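Engineer: Sharing a structure below in structure tokens format, with a few things to ask.
Please treat every number below as a calculation from the coordinates, not as lab data. Everything numeric in this text was worked out from a predicted model, so none of it was measured. Cβ sites come from the backbone with ideal geometry, for glycine too, and all protein chains shown count toward neighbours.
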Amino acid sequence: MKVIDLTVLLNEDTPVYPGDPKTIIKPAGVLEKDGYADHQITLSTHVGTHIDAPAHMVLGGETLDKIPTEQFMGRGVYIKLDAKKFDLKKLEVAGITKGDIVIFDTGLAGDYHKQSYFEDYPQIPNDVAQFLIDKKVNMVGMDMCSPDHEPFEIHKVLLSGGVLIIENLTNLVKLNGETFEIIALPLNLEIDGSPARVIARTM
């Protein structure tokens with residue numbers, strides 16, 4: 001068994017979606033002075049590797065604390081995009097079943113610290129989103145900042161359909177050829193989303 005970390009580093013240099021607040025980390029206790037180390041962190045709920053709950057885009061949608069813990073875990077299905085294009089046929093032959101977590105590898109993780117990462121990315125098509133909903137997958141994850149562009153209709157389709165979204169994954173190439181489980185645990189917050197530590201555990 002191997003454990004593969006799919007989470008980007010979260011610090012003050014972590015890129016944020018245009019318009020979101022920058023992350024601020026400042027000492028609240030200094031070990032040499034106070035006898036303990038402590039920090040105060042100010043950050044967006046959608047910075048770094050994070051999970052979107054329905055409340056993020058759906059009026060009256062569930063917040064993270066209302067979602068069963070089991071939905072944050074599941075068998076992983078790795079889908080490699082060719083030329084950054086989503087292909088429904090690839091999903092149809094991938095053996096996707098209820099409770100799976102589908103991971104899309106676009107190859108964009110290497111551009112994470114470039115402005116183009118937040119501008120030049122493919123959108124999940126409606127037929128792909130609907131396929132995931134019909135299959136009743138737990139989550140969909142990707143090495144992109146978003147599954148869509150404004151006005152974020154795919155966000156609304158997926159979240160309304162009970163499919164949670166993981167954004168800004170990394171190291172996805174390491175999943176190629178592996179049989180694995182995804183564990184993606186956000187903070188237990190009564191709000192719309194949270195940074196998460198996302199790992200793949202190979203079988």
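Engineer: Around Leu108, what is the net charge, scoring Lys/Arg as +1 and Asp/Glu as -1 over all other residues with Cβ under 15 Å from its Cβ?
Structural biologist: Taking every Cβ under 15 Å from that of Leu108, the sum is -4.
Engineer: Given labels modelled 7 Å from the Cα in the Cβ direction, how far is it in nm from Asp13 to Asp34?
Structural biologist: For Asp13 paired with Asp34, the spin-label model returns 2.5 nm.
Engineer: Send over the semi-axes of segment 1-98's equivalent ellipsoid, whole angstrom and largest first, taken as the square roots of 5 times the C-alpha gyration tensor eigenvalues.
Structural biologist: Ellipsoid semi-axes (Å, largest first): 35, 18, 17.
Engineer: A further question follows. Under the rule of at least 5 residues apart or a separate chain, name every residue whose amide H is placed under 5 Å from the amide H of Ile165.
Structural biologist: Residues meeting the amide H criterion: Asp52, Val140.
Engineer: Which net charge results for the neighbourhood of Met142, defined as the other residues with beta-carbon distances under 12 angstrom from its beta-carbon, given Lys and Arg at +1 and Asp and Glu at -1?
Structural biologist: -3
Engineer: For segment 58-129, just the Cα set please: Rg and Dmax, both in angstrom.
Structural biologist: Cα-based Rg and Dmax for segment 58-129 come out at 14.9, 37 Å.
Engineer: What share of all Cα pairs of segment 124-203, in percent, falls into each consecutive 5 Å distance bin?
Structural biologist: Calculated P(r), rounded to whole percents: 3, 13, 23, 24, 22, 12, 3, 0.
Engineer: Now a separate question. Which one, Gly95, Gly162, His149, projects farthest toward the positive side of the charge dipole computed for the chain from Cβ point charges (K/R +1, D/E -1)?
Structural biologist: Value: Gly95.
Engineer: Calculate the length of the line joining the C-alpha centroid of segment 56-78 to that of segment 161-203, in whole Å.
Structural biologist: 11
Engineer: At 222 nm, what helix-only mean residue ellipticity would the chain give, in deg cm²/dmol to the nearest 500, using -39500 (n - 2.57) for each DSSP H run of four or more?
Structural biologist: -3000 deg cm²/dmol
Engineer: By a straight-distance test (C-alpha under 26 Å), which lysines pair with Lys26 as possible cross-link partners, with residues fewer than eight away in the same chain excluded?
Structural biologist: Reachable lysines: Lys114.
Engineer: Also: Nearest-5 percent of antiparallel DSSP beta bridges in segment 39-181?
Structural biologist: 30
Engineer: Pairs Lys66/Lys90; Lys84/Lys156; Lys89/Lys136; Lys90/Lys174: which exceed 24 Å Cα-Cα?
Structural biologist: Exceeds cut-off: Lys66/Lys90.
Engineer: If amide H atoms are built 1.01 Å from N in the plane of the peptide, which residues on other chains or at least 5 residues away come under 5 Å of the amide H of Asp105?
Structural biologist: Counting only residues 5 or more places away or on other chains, the set is Ile79, Lys80, Leu81.
Engineer: Also, quick follow-up: At q = 0.15 Å⁻¹, what is the log10 ratio I(q)/I(0) for segment 92-166, with the Debye formula run over Cα points and no solvent?
Structural biologist: -0.50
Engineer: Could you run the Karplus curve 6.51 cos²θ - 1.76 cosθ + 1.60 with θ = phi - 60° over segment 10-17 and give me ³J(HN,Hα) per residue in whole Hz, x for Gly and Pro?
Structural biologist: Result, ordered by residue: 10, 8, 5, 9, 5, x, 10, 4 Hz.
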